[in-house]
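Engineer: First the structure, which I've put down as structure tokens, then a few questions once you've had a look.
The values are calculated or read from the model by the stated rules, or taken from the named source; none is laboratory data. As the structure is a prediction and not an experimental result, all values here were calculated from the model. Cβ: placed from backbone, ideal geometry, glycine included. Neighbour counts: every protein chain shown. With ligands, DNA and RNA removed, areas are computed over all heavy atoms of the protein, side chains included. Shrake-Rupley method; radii C 1.70, N 1.55, O 1.52, S 1.80 Å.
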Amino acid sequence: MSAFPLSDLTAGLRIEPGSPVDLAAIETDAAPGFDGNKAAGEKALLALAPELEELQERLFAQGKADGRRSILLVLQGMDTSGKGGTLRSTVGLVDPQGVRITSFKAPTEEERKHDFLWRITKALPPVGLIGVFDRSHYEDVLIARVRALAPPEEIERRYDAINAWEAELADSGVTVIKCMLHISAAEQKKRLLARLDDPTKFWKYNPGDVDEREQWPAYQEAYRIAIERTNTKVAPWHVVPADKKWFRNLAIGSLLLDALRSFDLSWPEADFDVEHEKQRLLDEKPL
């Protein structure tokens with residue numbers, strides 16, 4: 001069990017369905033629900049690891065038996081908000097066999113021939129796995145809105161399509177954890193400059209990120225609308241302060257653990273005679 005109440009932290013991140021969203025009023029450099037400093041936060045994350053690992057293995061084992069559960073973790077955020085860092089520091093705490101990570105780029109020519117959810121559906125995690133979307137179907141109502149990549153009426157249709165699709169996932173046993181990694185413009189600038197100061201990070205720098213910064217207010221508005229329009233009881237949004245990397249990682253780890261605990265997972269029962277199989281091995285002639 002964690003040394004701090006998970007419910008205090010996770011509840012502070014969740015946006016109440018039906019409530020208006022004011023991203024400007026949500027601090028990016030905060031640590032809601034956690035009283036400690038960076039060192040304490042990093043220690044708390046590591047303390048989650050044993051239970052995270054065991055419950056994830058139980059989920060995986062259930063998937064090999066008659067289970068129906070899986071988790072879909074959706075990570076959205078502006079560039080440098082830490083989607084990759086979250087994967088390394090948090091998702092990396094569990095067995096990679098039980099994780100499927102998908103990083104969505106611009107749709108291919110083939111993908112453009114289908115509805116926007118076609119390629120997303122193909123990437124869903126099988127039963128028993130934790131799926132992670134590094135960017136997701138929400139790009140189709142975020143950058144598509146900001147850059148006018150689809151007509152306004154199509155963007156409007158997509159909000160309802162997303163809600164219906166996520167409701168179907170919930171009905172089928174998929175728990176959807178949607179997280180906006182909420183970073184400030186000032187912190188993003190700091191992180192971009194740090195990449196330019198470090199030759200080992202040049203590969204991570206994209207000049208286009210500066211172009212996108214010019215659209216910062218438009219993106220914040222697109223996020224606000226997307227969160228309000230797709231924030232449902234079965235798939236609520238979480239706004240995760242991301243200026244503090246250590247808190248971002250702890251928050252995502254806590255949300256994952258909270259979801260796994262809610263499944264009340266048990267180990268699958270043997271579908272064979274355990275004592276008989278033991279005796280077979282004990283009676284076995286030397287090989």
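Engineer: Dividing the alpha-carbon radius of gyration of segment 1-160 by 2.2 N^0.38 Å (N being the number of residues), what value is obtained? Walk me through the intermediate numbers first.
Structural biologist: Details: Rg = 18.1 Å, N = 160, 2.2 N^0.38 = 15.1 Å.
Relative to the 2.2 N^0.38 Å estimate, segment 1-160 comes out at 1.20.
Engineer: In addition: For the chain, state what percent of all Cα-Cα pairs lands in each successive 5 Å bin, counting from 0 Å until the bin that includes the largest distance.
Structural biologist: 1, 5, 11, 15, 17, 16, 13, 9, 5, 3, 2, 2, 1, 1, 0
Engineer: Working with all protein chains in place, sort His276, His182 by solvent-accessible area computed with a 1.4 Å probe, largest first. Kindly include the intermediate steps, with their values, before the conclusion.
Structural biologist: Details: His276 100, His182 5 Å².
Order by accessible area, largest first: His276, His182.
Engineer: Something else: Which order do Glu284, Glu221, Glu269 take when ranked by solvent-accessible area (1.4 Å probe, heavy atoms of all protein chains), largest first? It would help to have the intermediate numbers written out before the result.
Structural biologist: On the way: Glu284 100, Glu221 80, Glu269 165 Å².
Ranked list, largest accessible area first: Glu269, Glu284, Glu221.
Engineer: Take the Cα atoms of segment 131-248, build their convex hull, and give its volume per residue in Å³.
Structural biologist: Numbers: hull volume 14.7 nm³, N = 118.
For segment 131-248, the hull spanned by Cα atoms encloses 125 Å³ per residue.
Engineer: Taking all pairs of different Cα atoms in segment 209-287, averaging 1/r and flipping that mean, what Kirkwood radius in angstroms comes out? Walk me through the intermediate numbers first.
Structural biologist: Working: mean 1/r = 0.0549 Å⁻¹.
Result for segment 209-287, one decimal place: 18.2 Å.
Engineer: Past the 25 Å Cα-Cα mark, which pairs from Lys38/Lys83; Lys178/Lys244; Lys178/Lys201; Lys105/Lys204? Let's see the in-between values first.
Structural biologist: On the way: Lys38/Lys83 19 Å; Lys178/Lys244 19 Å; Lys178/Lys201 28 Å; Lys105/Lys204 15 Å.
Beyond 25 Å: Lys178/Lys201.
Engineer: Protein chains only, probe 1.4 Å: how do Ile15, Ile26, Ile101, Ile252 rank by accessible area, largest first?
Structural biologist: Working: Ile15 25, Ile26 45, Ile101 95, Ile252 0 Å².
From most exposed to least exposed: Ile101, Ile26, Ile15, Ile252.
Engineer: Still on this structure: Taking all protein chains as present, what is the carbon and sulfur share of the accessible area of the chain, in % to the nearest whole number, probe 1.4 Å?
Structural biologist: Details: 7900 of 14970 Å².
Here it works out to 53 percent.
Engineer: Return a whole-number percent for the relative contact order of the chain, with Cα pairs under 8 Å and 6 or more residues apart as the contact set.
Structural biologist: Numbers: 393 pairs, mean separation 96.6, N = 287.
Reported as a whole number, the value is 34 percent.
Engineer: Round to the nearest 10 and report in Å² the accessible area of Thr102, as given by a 1.4 Å probe over the protein chains' heavy atoms.
Structural biologist: Using a 1.4 Å probe on the heavy atoms, I get roughly 30 Å².
Engineer: Please list, in chain and number order, the residues 5+ apart from His182 or on another chain whose amide H is under 5 Å from its amide H, with Hs placed from the backbone.
Structural biologist: Answer set, sorted by chain and number: Val240, Ala242.
Engineer: Taking springs between alpha-carbon atoms closer than 10 angstrom, which of Arg157, Arg224, Arg213 fluctuates most in the Gaussian network model of the chain?
Structural biologist: For the chain, modelled as a Gaussian network with Cα springs under 10 Å, the answer is Arg157.
Engineer: For segment 175-287, what does the relative contact order come out to in percent, with C-alpha contacts under 8 Å and a separation of six or more?
Structural biologist: On the way: 55 pairs, mean separation 44.4, N = 113.
Relative contact order here is 39 percent.
Engineer: What list of ³J(HN,Hα) values in whole Hz, one per residue of segment 198-210 in order, does the Karplus curve 6.51 cos²θ - 1.76 cosθ + 1.60 (θ = phi - 60°) give from phi, with Gly and Pro shown as x?
Structural biologist: These are the phi-based 3J(HN,Hα) values: 10, x, 6, 10, 4, 5, 8, 7, 10, x, x, 4, 5 Hz.
Engineer: Among Pro125, Pro50, Pro199, which one shows the biggest mean-square fluctuation in a GNM of the chain, springs joining Cα atoms closer than 10 Å?
Structural biologist: Pro199
Engineer: Moving to a separate point now. Pick from Ala270, Ala25, Ala259: which residue has the top mean-square fluctuation in a GNM of the chain where Cα pairs under 10 Å get a spring?
Structural biologist: Comparing Ala270, Ala25, Ala259 in the GNM, the peak value goes to Ala270.
Engineer: What angle do you read, to the nearest 10 degrees and between 0 and 90, between the alpha-carbon axis of helix 38-64 and the longest principal axis of the chain?
Structural biologist: It works out to around 50 degrees.
Engineer: Tell me, what ³J(HN,Hα) does each residue in segment 224-234 have, in order and in whole Hz, if you take phi through Karplus 6.51 cos²θ - 1.76 cosθ + 1.60 with θ = phi - 60° and put x for Gly and Pro?
Structural biologist: Those phi angles translate into 4, 5, 4, 5, 5, 7, 10, 9, 10, 5, 7 Hz.
Engineer: Restrict the search to segment 217-282; then list the chymotrypsin sites (Phe, Trp or Tyr not before Pro) that DSSP places in a loop and that have at most 12 other Cβ atoms within 10 Å of their Cβ.
Structural biologist: On the way: sites: Tyr219, Tyr223, Trp237, Trp246, Phe247, Phe263, Phe272; in loops: Phe263, Phe272.
Within segment 217-282, the qualifying chymotrypsin sites (Phe, Trp or Tyr not before Pro) (loop, at most 12 other Cβ atoms within 10 Å) are Phe272.
Engineer: Here's a follow-up. Leaving out ligands and nucleic acids, note down the accessible area per residue over the chain with a 1.4 angstrom probe, in whole Å². Working shown, then result.
Structural biologist: Working: 14970 Å² over 287 residues.
Normalised by residue count, the accessible surface of the chain is 52 Å².
Engineer: How big is the gap, in Å, between the Cα center of segment 5-54 and the Cα center of segment 82-139?
Structural biologist: 22 Å
Engineer: Given the whole protein assembly as supplied and a 1.4 Å probe, what does the accessible area of Val127 come to in Å², nearest 10?
Structural biologist: Using a 1.4 Å probe on the heavy atoms, I get roughly 70 Å².
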